[in-house]
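The values are calculated or read from the model by the stated rules, or taken from the named source; none is laboratory data. A quick note: this is a predicted structure, and the numbers were derived from the prediction, not measured. Cβ sites come from the backbone with ideal geometry, for glycine too, and all protein chains shown count toward neighbours.
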Amino acid sequence: MNNILKDKKVAILATDGFEELELTEPRKALEREGASIEIISPSSGSIKAWDHDHWSNEYTVDKTLEEADAGEYHALLLPGGVMNPDNLRMNKEAVAFTKSFFEAGKPIAAICHGPWTLIETGALNGRKVTSYPSIKTDLINAGAEWVDEEVVVDSGLVTSRNPDDIPAFSRKMVEEFCEGVHEEQKTV
C-alpha cells in the first residue's frame, strides 16, 4: 500500500442491481491506496449486488443521497450493472449529486453501464468516453465521442467497458483520483 490517496474521500454512488465486481474491485484498489470510501444510495440500509445473471451479496449504505454532501468528497465512482444506473439516472438527487462533481472539476470514474447516469448531467458534450456497447448510441446522442477502448481518460473522467477492463480501469481511476481537481473539467 502506497497511501497515495490517504487524504482522499471517495463516494461510490449505487443502488440495487449494481454489477458486484464493478464496485468491489475498484473499491479494493482505492482502499489499497488509503482512500476513505462511502457508499451513497437513494435509500438507507443496504443495496443488493448483481453477479452476471443473478442476485448476490448485500452491501451497507453509508449515507443516503439526502444525507450526503458532494462537497465532502474528492472523487466519485459509478459502478455499472443495468438496473443500477438505469434507476440512478431517473433519480433527480442522484443526477444532481453526480453533476456537482463535474461542476467542481472533481474526478469521476464510471464503468460499463455506469455512464448512463452521466448522460443526465448534461456534462458529456465533447467528452471522449467508452462504455458497455449497448449504451454507445445514448452517449453519442448526449454529445460524447464514444470509442471502443479498455479505458478512456478525459480531463479527470475515467470510463471503461466491462468487468474485463477492471484492472486498467482501477489503475487509471487511482491515478486521476490522486491528481484531484481538473480545472478543464469544470462545467457551468
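Only one of G180, G156 is modelled with pLDDT under 95 and over 24 Å from H52 (Cβ atoms); which?
G180 is the lone residue from the list that is modelled with pLDDT under 95 and over 24 Å from H52 (Cβ atoms).
Restricting the search to region 18-65, which residues are of a type in the set (F, W, Y) and surrounded by 14 or more Cβ atoms within 10 Å (Cβ to Cβ)?
Taking region 18-65 as the starting set, the residues that turn out to be of a type in the set (F, W, Y) are 18, 50, 55, 59.
Matches in region 18-65: F18, W50, Y59.
Name the pairs: first residue in region 45-64 and at pLDDT below 95, second residue surrounded by 15 or more Cβ atoms within 10 Å (Cβ to Cβ), Cβ to Cβ under 9 Å, at least 6 apart or on different chains?
Partner pairs satisfying both residue conditions: H52/E19; H52/E20; H52/L21; H52/P163.
Assess whether P163 counts as being in contact (Cβ under 8 Å) with a residue 60 or more places away in the chain and either of a type in the set (A, V, I, L, M) or on the phi < 0 side of the Ramachandran plot (or both).
For P163, the condition - in contact (Cβ under 8 Å) with a residue 60 or more places away in the chain and either of a type in the set (A, V, I, L, M) or on the phi < 0 side of the Ramachandran plot (or both) - is met.
I need the helices (runs of 4 or more DSSP H) fully contained in region 81-176, keeping only those with at least 3 residues that are crowded, with 19+ Cβ neighbours inside 10 Å.
Those helices (runs of 4 or more DSSP H) span 83-88, 92-104, 115-119.
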